[in-house]
Amino acid sequence: MDNRPHRKLIVWQKSMEFVRESYRVSASFPKSEEYGLSSQMRRAAVSIPSNMAEGAARKGKKEFRQFINIAQGSISELDTQLELAYMLGYIDAGIHVYMTTK
């Protein structure tokens with residue numbers, strides 16, 4: 001039995017799926033964005049479950065909430081990056097809606 005507390009969080013599990021989708025979507029960006037928007041999106045996406053995991057491993061609820069707040073900041077960052085990707089024509093409307101409503 002896995003006793004790592006973050007693995008029990010449904011929100012962590014779903015955020016891991018979202019990271020996979022973010023990588024899949026950003027893989028189709030132009031080569032010129034490899035170290036730009038694509039890289040930023042991936043880092044922001046990875047930051048979401050990473051902060052949840054770190055917070056879940058902490059002893060107190062106050063610390064856990066702090067890391068959840070950091071994860072929420074990464075969600076806003078990624079939302080902005082998805083909006084930019086849509087505005088720049090890197091993703092179509094269907095992917096944009098799918099990614100921003102998950």
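Some notes on this structure:
- Any chance S38 is out of contact with any Phe, Trp or Tyr (no Cβ under 7 Å at 6 or more places or on another chain) and of a type in the set (S, T, Y): no
- Single match in G73, G94 (criterion: of a type outside the set (A, V, I, L, M, F, W, C) and over 15 Å from the mean Cα position of the chain (by Cα)): G94
- Pick from region 53-88, criterion among the β-branched types (V, I, T) and either free of Cβ contacts under 8 Å to residues at least 24 places away in the same chain or at positive phi (or both), ranking: surrounded by the fewest Cβ atoms within 10 Å (Cβ to Cβ): T80
- Condition broken by M99, with the remaining ones in (1) part of a helix (DSSP H, G or I); (2) surrounded by fewer than 16 Cβ atoms within 10 Å (Cβ to Cβ); (3) modelled with pLDDT under 95; (4) not aromatic (F, W, Y) satisfied: (2)
- In region 9-22, of all residues being touching a residue at least 40 places away in the same chain (Cβ under 8 Å) and more than 18 Å from I91 (Cβ to Cβ), the one that is surrounded by the most Cβ atoms within 10 Å (Cβ to Cβ) corresponds to S15.
- Residue tally, condition part of a loop (DSSP other than H, G, I, E, B) and within 13 Å of A85 (Cα to Cα), over region 1-33: 4
- Odd one out for I91 among (1) in contact (Cβ under 8 Å) with a residue 24 or more places away in the chain; (2) farther than 24 Å from H6 by Cα; (3) touching a Ser or Thr at 6+ places or on another chain (Cβ under 6 Å): (3)
- Qualifying residue in region 23-41 (condition: over 15 Å from K102 (Cβ atoms), of a type in the set (D, E) and either surrounded by fewer than 18 Cβ atoms within 10 Å (Cβ to Cβ) or touching a Lys or Arg at 6+ places or on another chain (Cβ under 8 Å) (or both)): yes
The values are calculated or read from the model by the stated rules, or taken from the named source; none is laboratory data. Everything numeric in this text was worked out from a predicted model, so none of it was measured. When we count neighbours, we look across all protein chains shown, and the Cβ atoms used for this are built from the backbone with ideal geometry, even at glycine.
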